[in-house]
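Following: one structure in structure tokens, then a few remarks.
The values are calculated or read from the model by the stated rules, or taken from the named source; none is laboratory data. Source: prediction; values computed, not measured. Because the Cβ atoms are built from the backbone with ideal geometry, glycine has one as well, and the counts that use them run over all protein chains shown. Remember, those area values only see protein heavy atoms, side chains included, never the ligands or the DNA or RNA. Shrake-Rupley method; radii C 1.70, N 1.55, O 1.52, S 1.80 Å.
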Amino acid sequence: MKRYGFIAVSVGLLLTVLITLTGSRRSVFPRFDAVRDAFQASDRILLDRHGEVIHEMRVDPEGRRLDWTPLERISPALLRSVLLAEDRRFYQHGGVDWRAVAGALGSAILSRRPRGASTISMQTASLLQPSLQSSGSRRSVWEKWCQMRGAQDLERSWSKKQILEAYLNLISFRGELQGISAAARGLYGRDAHGLEIPQALTLASLIRSPNASPDRVLERAAWLGRSMDLEVDPASLKHATLALEHPYHVQPRADAAPHVARRLLNSDPSEGYPSRVSSTLHGRLQDYTMQALRQRLLEGRSSNLKDGAVLVADNRSGEVLSYVGNGGSLSSAPFVDGVRALRQAGSTLKPFLYARALERRLITAASLLDDSPLDIAVEGGLYRPGNYDDRFRGPVTVREALASSLNIPAVRLLNLVGVDDFLSTLRNFGFRELHRPDHYGPSLALGSADISLWDLVNAYRTIANLGRQSPLRLQAAADQPRHTRVLGGEAAFLIAMILSDRESRSLTFGLESPLSTRYWSAVKTGTSKDMRDNWCVGFSQH
């Protein structure tokens, strides 16, 4: 027995001499700050206009990694557990624990159960340098020797703190959970600094065998607790290991803007990407908008109200302040973006028809239009439009016809303007998904075209800006938006005044309605065929 021990020590000393002789070469490892800065989380963060986190979304399917976690932000209980489990003499050796090496050699010679002698520095070196990783299930003597030499190289260029920090951020704990942040959030729904002792013991026990059974992990965690002289409640430890029996889930820190996140955060991880992307969204307004929509959906269930979408933008800059694509958990299609989806416009297109007629001086705001039964010959028969309330009011002013959203005067006005001219006007306002004129006919005056809320909001914003158009923005830009004039200022001003006129609106909506705000606002509603969709769009001074 003494002879075998002598052989183990002799082999250890020989390896020491070999590594020392060959270890004077220059380190091949990158700097610590370069490794930390190059670390890519599998999730990307969307920030609002004030730098607050508004959405977190996974973009890399290859592994689950969260932000790099500094050593100061990791639970002391976890640090102590990891050092005991993986490398109890971490702060005493120079990369290789020769006492552990000698013990491993002795176990191998005596044909006992193999013992590991890999230090945290050796494991970190292998994580940083693929050439140091094992080519099979177990390392050969040569591979082990190269790993030892790499650990000593690493110790000469990195501090112990840096090695331990990188180790805890690069290792896999279970399944696809890489790094302590992903493991803590995925298994326990908390940050690394908030881990309790049973959870810390469990995570430390996973490092050596990430996919071990819960019973094996519990056994090792209990041993670690006893080795640290901790009085750990067995029930608490059992509860901590129960997390291993269920599918893990990394709960996002924020999920208030899923549709914007999909537009701004999706990219090919192999190409590299910034982990945080700023948006124009206003976090508090986004939360308020989501809650307001949810409340309206809950209140409208008895009226067959199924879903909704909201878009809020700043008139001057075009920056989008709030973007809610659907009712979230209340929606039957949560991945459908109602802001971009094409839906029938209804009467929301009427202001652009009246604006074109005003600009061509075919009418004035005081001109009279006839609101009486109308039959128009079309292919296949007669087109017979009617008003929302099935009433006729005879001669009405342009102001009353538009503000009260009367249908028959709008169809008569389309006959004056022409379908071709109106379609051209709509395209100038930014409506992109339009067909040929013969696809619509006179029904275009009542909004038979399919449009998106995105385009509709920007078109109304153009009226608010007195006919000057610029794109909507989800990201801030250093330069001011470039405006294109698509409507004369006088016509735009008249349309805004008509849409804000409560008295002219009263024919249909009455003097008191939700459209009558406490501040100046211009607003228009729209209802699609068969009452399928309802729209309400407008603007204030801002």
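Just give me the residues in segment 47-65 being open to solvent by 10 Å² or more (accessible area, probe 1.4 Å), assigned to a loop (DSSP other than H, G, I, E, B) and under 27 Å from Leu187 (Cβ atoms), in sequence order. If the condition is that a residue be open to solvent by 10 Å² or more (accessible area, probe 1.4 Å), assigned to a loop (DSSP other than H, G, I, E, B) and under 27 Å from Leu187 (Cβ atoms), then Glu52, Val59, Asp60, Pro61, Glu62, Arg65 are the ones that fit. Evaluation of Ser513 against the conditions (1) touching a Ser or Thr at 6+ places or on another chain (Cβ under 9 Å); (2) open to solvent by 60 Å² or more (accessible area, probe 1.4 Å); (3) without any contact (Cβ under 8 Å) to a residue 60 or more places away in the chain; (4) assigned to a loop (DSSP other than H, G, I, E, B) shows that the sole unmet condition is (2). Close contacts from segment 155-181, counting a first residue that is more than 20 Å from Glu72 (Cα to Cα) and a second that is in a helix (DSSP H, G or I) and among the small types (Gly, Ala, Ser), with Cβ to Cβ under 7 Å and a gap of 6+ residues or different chains, come to Glu155/Ser121; Arg174/Ala183; Leu177/Ala183; Leu177/Gly186.
Checking each residue in segment 199-213 for being polar (S, T, N, Q), open to solvent by 10 Å² or more (accessible area, probe 1.4 Å) and either in a helix (DSSP H, G or I) or touching a residue at least 40 places away in the same chain (Cβ under 8 Å) (or both) picks out only Gln199. None of Leu293, Leu349 is more than 21 Å from Thr425 (Cα to Cα), at pLDDT 95 or above, open to solvent by less than 50 Å² (accessible area, probe 1.4 Å) and in contact with a Gly (Cβ under 6 Å, 6 or more places away or on another chain) except Leu293.
Candidates in segment 366-390 are the residues that are modelled with pLDDT under 95 and among the hydrophobic types (A, V, I, L, M, F, W, C); of these, the one that is most open to solvent (accessible area, probe 1.4 Å) is Leu382.
Evaluation of Ala261 against the conditions (1) of a type in the set (A, V, I, L, M, F, W, C); (2) touching a residue at least 40 places away in the same chain (Cβ under 8 Å); (3) farther than 18 Å from His50 by Cα shows that the sole unmet condition is (3). The listed residues are Arg226, Arg263, and the only one of them that is over 23 Å from Asp455 (Cα atoms), open to solvent by 40 Å² or more (accessible area, probe 1.4 Å) and outside any loop (DSSP other than H, G, I, E, B) turns out to be Arg226. Scanning segment 169-198 for residues that are open to solvent by less than 20 Å² (accessible area, probe 1.4 Å) and aromatic (Phe, Trp, Tyr) yields one hit, Phe173.
Among the residues making up segment 352-365, a single one is surrounded by fewer than 15 Cβ atoms within 10 Å (Cβ to Cβ) and β-branched (Val, Ile, Thr): Thr364.
What is the one condition in (1) surrounded by 15 or more Cβ atoms within 10 Å (Cβ to Cβ); (2) over 12 Å from the mean Cα position of the chain (by Cα); (3) closer than 30 Å to Glu319 by Cα that Gln251 does not satisfy? Unmet condition: (1). I'm trying to understand the selection: among the residues of segment 325-344, which are hydrophobic (A, V, I, L, M, F, W, C) and either without any contact (Cβ under 8 Å) to a residue 40 or more places away in the chain or out of contact with any helix residue (DSSP H, G or I) (no Cβ under 7 Å at 6 or more places or on another chain) (or both)? Result: Leu330, Ala333, Phe335, Val336, Ala341, Leu342. Residues that are modelled with pLDDT of 80 or more, of a type outside the set (Phe, Trp, Tyr) and open to solvent by less than 50 Å² (accessible area, probe 1.4 Å) within segment 1-46 comprise Ala34, Val35, Ala41, Ser42, Asp43, Arg44, Ile45, Leu46, listed in sequence order.
With the requirement that a residue be out of contact with any strand residue (DSSP E or B) (no Cβ under 6 Å at 6 or more places or on another chain) and either open to solvent by 60 Å² or more (accessible area, probe 1.4 Å) or under 19 Å from Ser303 (Cβ atoms) (or both), what does segment 516-528 give you? Arg518, Tyr519, Trp520 - these are the residues of segment 516-528 that are out of contact with any strand residue (DSSP E or B) (no Cβ under 6 Å at 6 or more places or on another chain) and either open to solvent by 60 Å² or more (accessible area, probe 1.4 Å) or under 19 Å from Ser303 (Cβ atoms) (or both). Among the residues of segment 312-338, those that are surrounded by fewer than 22 Cβ atoms within 10 Å (Cβ to Cβ) and aliphatic (A, V, I, L, M) comprise Val312, Leu321, Leu330, Ala333, Val336. Could you tell me whether Thr241 is at pLDDT below 95 and either surrounded by 20 or more Cβ atoms within 10 Å (Cβ to Cβ) or not aromatic (Phe, Trp, Tyr) (or both)? Criteria met by Thr241. Scan segment 214-223 residue by residue and report those that are crowded, with 17+ Cβ neighbours inside 10 Å and more than 39 Å from the chain's Cα centre (by Cα). Scanning segment 214-223 gives a single hit, Ala222. So is Pro385 farther than 29 Å from Gln475 by Cβ and not in a helix (DSSP H, G or I) or not? So Pro385 fits the description; yes.
Quick one: is Val277 in a helix (DSSP H, G or I), open to solvent by less than 70 Å² (accessible area, probe 1.4 Å) and closer than 16 Å to Arg44 by Cα? Taking the combined requirement at face value, the residue does not satisfy it. The single condition from (1) surrounded by 13 or more Cβ atoms within 10 Å (Cβ to Cβ); (2) under 45 Å from the mean Cα position of the chain (by Cα); (3) not β-branched (Val, Ile, Thr) that Arg393 fails is (2).
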